[in-house]
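Undergrad: To start, I am sharing the structure in question, which I have written as structure tokens.
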Amino acid sequence: MMLPGNGIVENIFDYNIVIRIFAAVCYGFVLGLERELTNKYAGLRTHILVCLGACIFTIISIYGFPTVVTAEDANGIRDTGRVAAQVVSGIGFIGAGAVLRNGPMIFGLTTAATLWIAAAIGMACGAGLLTIGMATTIFAVAVLTLIRIFEKQFLPSGTRRIKKYNITIYCEAKDEEPIKDFLDTKFDLINFSIKRTSLQENKIKLNATIEIQKKDKLTSLYDDLKQFSNIESASILEVND
């Protein structure tokens with residue numbers, strides 16, 4: 001059906017468009033699944049929505065705007081990439097949200113790059129380049145998984161073998177310095193902060209970030225902390241990109 005005045009053909013239902021959207025959801029799911037299984041900041045829903053959104057913006061950019069007819073060019077001019085081009089810069093805002101800074105450390109760069117790839121895959125699907133989208137998805141997942149295995153197997157002494165852990169301890173204020181000295185002696189202590197709880201004045205929350213290369217040091221940490229009788233609870237969480 002022709003819309004009056006703008007020359008656009010309105011497609012009530014286009015199977016080709018639906019296939020592109022479905023492919024974007026599938027490719028975003030595959031990419032997000034890898035991030036979800038490795039417990040990263042952005043997982044399934046984020047990658048699916050980024051891929052789907054980039055696909056929709058590209059489809060709208062190609063089909064959603066009328067041909068601009070000018071006196072100089074009776075055939076009309078339409079820039080099919082004007083909306084899609086903004087996806088490249090716009091995705092940077094979402095990627096910036098995935099990057100976390102904790103003192104001198106920066107986390108989430110790999111996840112931010114994966115979101116950027118998800119947007120590129122979505123644009124490829126929106127443009128009808130489903131083969132390129134599928135190939136990019138396969139290569140991206142291969143890089144995220146196989147390179148990690150390569151680093152563990154063949155770079156045993158590299159910096160990637162150094163793991164970062166966040167330690168949260170609830171204890172009495174008098175144990176602050178002894179615990180800090182203990183962590184600094186046994187591990188590479190790269191960040192340490194305290195926060196007083198609102199319930200009791202003599203109770204504090206310790207947050208520390210350590211780097212270790214051998215996990216056997218970590219396995220005995222809970223037992224080592226038992227020497228401080230005033231510790232109420234302690235938790236350890238690995239920090240990854």
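The values are calculated or read from the model by the stated rules, or taken from the named source; none is laboratory data. Model, not experiment: these values are computed from the prediction. Reconstructed Cβ throughout: ideal geometry from the backbone, glycine too, with neighbour counts over all protein chains shown.
Undergrad: Of the residues GLY90, GLY97, which is modelled with pLDDT of 70 or more and either not in a strand (DSSP E or B) or not assigned by TED's automatic domain parsing to the domain that holds ASN166 (or both)?
TA: Of GLY90, GLY97, the one residue that is modelled with pLDDT of 70 or more and either not in a strand (DSSP E or B) or not assigned by TED's automatic domain parsing to the domain that holds ASN166 (or both) is GLY90.
Undergrad: Go through the stretch 100-130 and give me each residue that's at pLDDT below 85 and not in a helix (DSSP H, G or I).
TA: Within the stretch 100-130, LEU100, ARG101, ASN102, GLY103, PRO104, MET105, ILE106, PHE107, GLY108 qualify.
Undergrad: Also, I was wondering about something else. Quick check, is THR58 surrounded by 12 or more Cβ atoms within 10 Å (Cβ to Cβ), over 15 Å from the mean Cα position of the chain (by Cα) and modelled with pLDDT of 80 or more?
TA: Considered against the rule, which asks whether it is surrounded by 12 or more Cβ atoms within 10 Å (Cβ to Cβ), over 15 Å from the mean Cα position of the chain (by Cα) and modelled with pLDDT of 80 or more, THR58 comes out as yes.
Undergrad: Name, by its number, the condition in (1) outside any helix (DSSP H, G or I); (2) at pLDDT 80 or above that does not hold for GLY133.
TA: (1)
Undergrad: Given the criterion loosely packed, with under 14 Cβ neighbours inside 10 Å, at pLDDT below 80, basic (Lys, Arg) and within 31 Å of the chain's Cα centre (by Cα), identify the matching residue among LYS217, LYS163, LYS195, LYS226.
TA: Of LYS217, LYS163, LYS195, LYS226, the one residue that is loosely packed, with under 14 Cβ neighbours inside 10 Å, at pLDDT below 80, basic (Lys, Arg) and within 31 Å of the chain's Cα centre (by Cα) is LYS217.
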